[in-house]
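The values are calculated or read from the model by the stated rules, or taken from the named source; none is laboratory data. All values reported here derive from a predicted model rather than from experimental measurement. Heads up, the Cβs are rebuilt from the backbone with ideal geometry, glycines too, and the neighbour counts pull from every protein chain shown. The area values use the complete protein model at the heavy-atom level, side chains included, leaving out ligands, DNA and RNA. Shrake-Rupley method; radii C 1.70, N 1.55, O 1.52, S 1.80 Å.
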Amino acid sequence: LGILPYSGIAFTINEQAKREIQHLCKREPTTVERMQCGALAGLVAQSLTYPLEVTRRRMQTIGVVPTEGAESSTGVFGKAAGGHNPDAVTSSSALAEKHTKPPSMIRTMQHVMREQGIRGFFKGVSMNWIKGPIAFSISFTTFDIVQGLMASELEKEKRRPKKYH
């Protein structure tokens, strides 16, 4: 569900950022600049696609993980189980019981929006803001270095922008 847009956004931003460095500086990006491009790509991709991740996770846990009632350890907003929490989100099992078939992605998103607002789509994103940029900066930079080591001089020449041949 989320990997295609996530990867597409990340690869696009990474490549465009490297091209911008080439255009502005008239040289290939340094390793540090490549890492910065990867980090930026990871950060933006995480931020833009996180609502899809929340929706997917929510759909996977319907009926499995209680979010309120005696079975839950804490409510969605951190209140202890059994404590009255008027702001608590309707449990996933309650959502599943309302429908004879599992809810669709759109229906799940509507439910999150109605119960938690836009903030519900970004719960937990802060940890991904740490993980995503680091992972993408390492992955993209490693890929670029290995690709450069494996490429022939002719392939390297073809990849260089025409401006500084």
Just to be sure I understand the filter: pairs with C-beta atoms under 7 Å, separated by 6 or more residues or on different chains, first member in the range 110-125 and open to solvent by 40 Å² or more (accessible area, probe 1.4 Å), second member not acidic (Asp, Glu) and not in a helix (DSSP H, G or I). Which pairs pass? 115/89; 115/90
Only one of 138, 106 is in contact (Cβ under 8 Å) with a residue 40 or more places away in the chain and either open to solvent by 70 Å² or more (accessible area, probe 1.4 Å) or not basic (Lys, Arg) (or both). Can you tell me which? 138
One residue from 53, 20 being of a type in the set (Asp, Glu), closer than 22 Å to residue 104 by Cα and either open to solvent by 30 Å² or more (accessible area, probe 1.4 Å) or at pLDDT below 85 (or both): 53
For the range 1-14, name all the residues that are open to solvent by less than 70 Å² (accessible area, probe 1.4 Å) and not aromatic (Phe, Trp, Tyr). 2, 5, 7, 8, 9, 10, 13, 14
Scan the range 147-158 for residues that are exposed (fewer than 11 other Cβ atoms within 10 Å of the Cβ) and either under 18 Å from residue 15 (Cα atoms) or at pLDDT below 80 (or both) and jot them down. 157, 158
Please enumerate the residues belonging to the range 33-63 that are over 21 Å from residue 130 (Cβ atoms), in a helix (DSSP H, G or I) and hydroxyl-bearing (Ser, Thr, Tyr). 55
Within the range 37-50, restricting to residues that are buried (at least 19 other Cβ atoms within 10 Å of the Cβ) and polar (S, T, N, Q), the one that is farthest from the chain's Cα centre (by Cα) is 49
